[in-house]
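The values are calculated or read from the model by the stated rules, or taken from the named source; none is laboratory data. Given the structure is predicted, the values throughout are model-derived calculations rather than measurements. Cβ: placed from backbone, ideal geometry, glycine included. Neighbour counts: every protein chain shown. Heads up: the accessible areas ignore ligands, DNA and RNA and are worked out on the full protein's heavy atoms, side chains in. Shrake-Rupley method; radii C 1.70, N 1.55, O 1.52, S 1.80 Å.
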Amino acid sequence: MRHPVRLSVLSWLLAPILIAGPLTVAPAQADPGQAPPRLRIGITGLKSASDNLHKLDTYRNALLKAGAEPIPLYYGSPVLAADIDGILFAGGEDVNPALYGEKPDPTVAINGPRDDSEMAQAESALEQGIPILGICRGSQLLNVRLGGSLVQDIPSQVPGALPHQAGNLHQITLTPGTQLAETVGLTTMRVNSYHHQSVKTLAKGLRLTAVSDDGIIEGWEAIPGGPIHSPVSGVQFHPEKPDFPMPSISQRIFARFLLSAQYFAAQKSARVRVK
Ligand code: MN
């Protein structure tokens, strides 16, 4: 691993060029005459192999449609699964406010074992430079892991907030020049909303990519060339759900994530060949 930072920056810079054409993910390293290996993307959220796999159906379907192989990462297991090319931190329970130094609001419902496992998985993935996409709780957890904080209950703590729960649709404004804005190709769009919490203070090294009209943070990403060397980003909305208003935008978001995973897989494979 001689120049991980430079390569990582290169991948960010190339991304807008690479996604200008049709978004397809080529094999990281295809052997002639063999089917290309599919990118292996871990998904958090299940406790164990006996947990209900259908809980992850929307995430699995979005990744399958984008050409990846979804791999459940159980929070009952202490270590990260091997040979993962990317991780999707899924939606779910509230993150324990103690993890960002606050006492819990009465509305907060936590899952301690899941928090512990996902914080460790996030740390491991960040150390290895594994591409990460956080959705809803996943976005919140990653921001907390990186040093940020959360709004514990939007309805009671943000005066004048729009309804953000129960699948309500609302508009977001994208930050020009960010990877999310370039991926989406729009300045505003309507998104689905299933959350009563949100990012409050963004962690150092992250930048805002999307905000709703009432000021709620709806997306962020690591600043290219900044202190966080992993391609990590989060969205508060749910591009994986069937009610996401624009399926073509959803596909672009997942394709962009897989492009990072493909780049990571190619780097990993190059390192193995050097050994
Ligand atoms: Mn929302």
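Please work out the average accessible area per residue across segment 103-239, using the 1.4 Å probe convention, and give it in Å².
On the way: 5050 Å² over 137 residues.
Result: 37 Å² per residue.
Based on every Cα atom in segment 215-269, Rg and the maximum pairwise Cα distance Dmax equal 13.3, 42 Å.
Mind running the shape call on segment 132-248? Use the C-alpha gyration tensor, a ≥ b ≥ c as the square roots of the eigenvalues: rounded below 1.5 for a/c, prolate if a/b tops b/c, oblate otherwise.
oblate
Contact order normalised by length for the chain, with contacts defined as Cα pairs under 8 Å and 6 or more residues apart; what percent is it?
Working: 529 pairs, mean separation 58.8, N = 275.
Relative contact order here is 21 percent.
On full extension, the segment bounded by Glu69 and Ser248 gains 62.4 nm, given 0.36 nm per residue less the C-alpha separation. Extent of the chain along its three principal axes (Cα atoms, max minus min coordinate, largest first): 58, 40, 35 Å.
Using the Cα centre of segment 225-275 as the reference point, and only Cβ charges (+1 on K/R, -1 on D/E), how large is the resulting charge dipole? Debye, rounded to the nearest 20.
Numbers: 7 positive and 2 negative charges, 86 e Å.
My answer is approximately 420 debye.
Charged side chains reduced to their Cβ positions (Lys and Arg at +1, Asp and Glu at -1) give the chain a dipole of some 900 debye around its Cα centre. Given R0 = 22 Å, the distance between the Cβ atoms of His54 and Asn168 translates into a calculated FRET efficiency of 0.35. Report note on the peptides 163-172, 63-72: ranked by the mean count of other C-beta atoms within 10 Å, highest first, their order is 63-72, 163-172. Tell me, in nm to one decimal, what length is gained between Asn61 and Thr201 on full extension, where the rule is 0.36 nm per residue of separation less the Cα-Cα distance? Between Asn61 and Thr201, full extension yields 47.2 nm more. Taking a sphere under 12 Å around the Cβ of Ala90 and counting the other residues whose Cβ falls inside, with K and R at +1 and D and E at -1, yields a net charge of +1. For segment 138-167, backbone nitrogen atoms closer than 16 Å to the point 7 Å from Glu102 Cα along Cα-to-C-beta are found at 138-161.
Please give every one of the lysines within straight-line cross-link reach of Lys65, meaning a C-alpha to C-alpha distance under 22 Å, and leave out same-chain neighbours fewer than 8 residues apart. Qualifying lysines at Cα under 22 Å: Lys55, Lys241.
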